[in-house]
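Comments concern the structure below.
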Amino acid sequence: MNRTARTVRFDQYGDRDVLYVTDVPMPEPGPAEVVVEVRAAGVNPFDTMIRSGVVRDLFPVVFPSRQGSDLAGVVVAVGAEADGLAVGDEVLGWTPVSSAQATHVAVPAAHLVAKPPQLSWEVAGSLHMVGATAYAAARAVAPQPGETVAVSAAAGGVGTFLVQMLAHQDVRVLGIASPASAEWLDKHGVTPVPYGAGLRERLEQAAGPHGIDAFIDLYGPEYLDLALALGIRPDRIQTTVAMQRAAEIGARTDGRHNATAREILVELVDLVASGAVEIPIAATYPLDRVADAFAELEQRHTRGKIVLVP
């Protein structure tokens, strides 16, 4: 095995231009860890939040810092207590410390599951963050079959997973997105509702006389105010991004950290492997073009996931 690996790093908070790729010593597995040769690593908005420093009070980093959580790859070394995994196993999962955007990374064995053969590396490597975030968001508002749930940013990375998962649970989903995403949403059992002026009226019309039972926001605080205007109870409003406004109105803020149990990852993998949920891949980039990957991500107009392919 090579004695060096390559990894994404940044030495200070800032824009994506602080990112660089450098050689580091090949990781060694701890007793309960394995080393994974990374075949794909997801690019997520949360990476941008950490690197920019906007969440430094909650998630401080030590410089030089690495980046990324989602990954899929092949096990190349196994710690003495890493039961259930062997060299050569194809796996997917997540790293508890940001480090997945690399050629090789040490990962707790408990954070990995087998990669089903029908999943591409790109899909497998971008599954955990969007899946766990969607799972936690849906569980927060506890939708029942037949209820109507509105979702903002419905065609983004988390949104595409969430709306399909809700539709699979026989929930009626109103997906707020650009008109360009209407066909994809409709094809996946979601009622598309274009954002912009007049959104409240369009949502009320799409919902019908029963109204909207819950609202999941994946974009920003204005949608929490919209949910209140629609008459939705605060305990059935969930956001993954507008934490301050949520605290002010009593909305839910469940996130990925509420859904990291291994059995949940297994359930999410099964949803994708069975075809119940599709993860669109918007773009792939080599590791050396990590800044370009984030430039595309930060436009906030991609449908599905952007993935690094080391």
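The values are calculated or read from the model by the stated rules, or taken from the named source; none is laboratory data. Here the structure is a predicted model, which is why all the values come from computation and not from measurement. Glycine gets a Cβ as well: all are built from the backbone with ideal geometry, and neighbour counts include every protein chain shown. Heavy atoms of the whole protein, side chains included, go into the accessibility calculation; ligands, DNA and RNA do not. Shrake-Rupley method; radii C 1.70, N 1.55, O 1.52, S 1.80 Å.
Things to note:
- Filtered residue count, segment 242-269, keeping only those that are touching a Pro at 6+ places or on another chain (Cβ under 7 Å) and either assigned to a helix (DSSP H, G or I) or at pLDDT 95 or above (or both): 5
- Subset tally (residues that are of a type outside the set (Val, Ile, Thr) and touching a Ser or Thr at 6+ places or on another chain (Cβ under 8 Å)) for segment 255-310: 18
- Matching residues in segment 78-95 - criterion: being at pLDDT 95 or above and in a loop (DSSP other than H, G, I, E, B): GLY79, ALA80, GLU81, ALA82, LEU85, ALA86, VAL87, GLY88, ASP89, THR95
- Test: residue in segment 32-47 that is assigned to a loop (DSSP other than H, G, I, E, B) and either among the aromatic types (Phe, Trp, Tyr) or modelled with pLDDT of 95 or more (or both): yes
- Residue match in segment 67-77 (condition: open to solvent by less than 70 Å² (accessible area, probe 1.4 Å), of a type in the set (A, V, I, L, M), in a strand (DSSP E or B) and in contact with a helix residue (DSSP H, G or I) (Cβ under 7 Å, 6 or more places away or on another chain)): yes
- Single condition ARG303 does not satisfy, out of (1) assigned to a loop (DSSP other than H, G, I, E, B); (2) touching a Phe, Trp or Tyr at 6+ places or on another chain (Cβ under 9 Å); (3) within 18 Å of LEU119 (Cβ to Cβ); (4) not aromatic (Phe, Trp, Tyr): (3)
- Qualifying residue in segment 108-115 (condition: closer than 27 Å to ALA276 by Cβ, in a loop (DSSP other than H, G, I, E, B) and of a type outside the set (Lys, Arg)): no
- Condition check for ASP217: at negative phi and open to solvent by 10 Å² or more (accessible area, probe 1.4 Å): no
- Of all residues in segment 12-31 being assigned to a loop (DSSP other than H, G, I, E, B) and acidic (Asp, Glu), the one that is farthest from GLY255 (Cα to Cα): GLU28
- Scanning segment 116-138 for residues that are of a type in the set (Ser, Thr, Tyr) and open to solvent by 10 Å² or more (accessible area, probe 1.4 Å) gives SER120, THR133, TYR135.
- Scan segment 242-269 for residues that are without any contact (Cβ under 8 Å) to a residue 12 or more places away in the chain, of a type in the set (A, V, I, L, M, F, W, C) and open to solvent by 50 Å² or more (accessible area, probe 1.4 Å) and the total you get is 2.
- Test: VAL8 is surrounded by 15 or more Cβ atoms within 10 Å (Cβ to Cβ), modelled with pLDDT of 95 or more and closer than 19 Å to GLU298 by Cα: yes
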